[in-house]
Amino acid sequence: KARLRKSMLCAPMSFIEGWAHYAEQMVLDEGFEHGNAEIRLGQLAEALTRLARTIVGIRLHTEDLSVEQGVRFFTEEAYLEEGTARQEAERGTFDPGYVLYALGKQMMVKLRADAEEAAKTAGRGEGFSLQRFHDKILGHGSVPFWMHRALLGRNEPVIE
């Protein structure tokens, strides 16, 4: 009988969606489909939409942004077609996880940058290992970023 981990029951969306969004860019940065402009532009277009979601989602709830203004933001800043822009703007009125894709990615990027810096300052000269970093992060499971940070800090820097 398999044991269900508590982290699987209460997985934070910022980690789940942030990891996915981070991984989309990371695999291309690491050489997947190197030189394929269509793939890279697709990834960047999706990233732009997620950033626009963050801005529109926050402004809809804090700055008296109307849905119509949100639609206009998506069409002018994220280059979405009217119908898609409207769906995105309306989604921002009821989906609290809407802003977590881009925010989660930024938290993952920051966590990685901090791990890379820790490896540099460790003074051992081995360098940062992206594979080891990912193995550790995924090994922790779907826990909040503060917990990933604490677990990484408890262990040796992410080096080989």
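Each reported figure results from applying straightforward, stated rules to the coordinates on display, with no laboratory input. Keep in mind that this is a model prediction, so the values were computed, not measured. Cβ coordinates were reconstructed from backbone atoms using ideal geometry, including for glycine residues, and neighbour counts include every protein chain displayed.
Count, please, the residues in the stretch 49-103 that happen to be in a helix (DSSP H, G or I), under 26 Å from P144 (Cβ atoms) and in contact with a helix residue (DSSP H, G or I) (Cβ under 8 Å, 6 or more places away or on another chain).
Number of matching residues: 20.
Name the residues in the stretch 67-121 that are within 13 Å of V56 (Cβ to Cβ), more than 21 Å from the chain's Cα centre (by Cα) and of a type in the set (D, E, K, R), would you?
Within the stretch 67-121, E68, R72, E76, R86, E90 qualify.
Residues being of a type in the set (K, R) and under 21 Å from L41 (Cβ atoms): count how many of those fall in the stretch 62-94.
The number of residues fulfilling the criteria is 0.
Determine if the stretch 71-87 includes at least one residue that is buried (at least 17 other Cβ atoms within 10 Å of the Cβ), charged (D, E, K, R), farther than 15 Å from F15 by Cβ and touching a residue at least 40 places away in the same chain (Cβ under 8 Å).
Looking through the stretch 71-87, none of the residues is buried (at least 17 other Cβ atoms within 10 Å of the Cβ), charged (D, E, K, R), farther than 15 Å from F15 by Cβ and touching a residue at least 40 places away in the same chain (Cβ under 8 Å).
Among the residues of the stretch 138-148, how many are part of a helix (DSSP H, G or I) and over 15 Å from the mean Cα position of the chain (by Cα)?
The total comes to 3.
R112: charged (D, E, K, R), touching an Asp or Glu at 6+ places or on another chain (Cβ under 8 Å), buried (at least 18 other Cβ atoms within 10 Å of the Cβ) and under 24 Å from D29 (Cα atoms), yes or no?
no
Evaluate the following for M108: is it in contact (Cβ under 8 Å) with a residue 60 or more places away in the chain and in contact with a helix residue (DSSP H, G or I) (Cβ under 9 Å, 6 or more places away or on another chain)?
Taking the combined requirement at face value, the residue satisfies it.
Which one of the conditions (1) buried (at least 18 other Cβ atoms within 10 Å of the Cβ); (2) farther than 22 Å from P144 by Cβ does W19 fail to meet, given that it meets all the rest?
Condition (2) is where W19 drops out.
Just to be sure I understand the filter: pairs with C-beta atoms under 6 Å, separated by 6 or more residues or on different chains, first member in the stretch 133-153 and in contact (Cβ under 8 Å) with a residue 12 or more places away in the chain, second member surrounded by fewer than 16 Cβ atoms within 10 Å (Cβ to Cβ) and among the polar types (S, T, N, Q). Which pairs pass?
G141/S7; S142/S7; V143/S7
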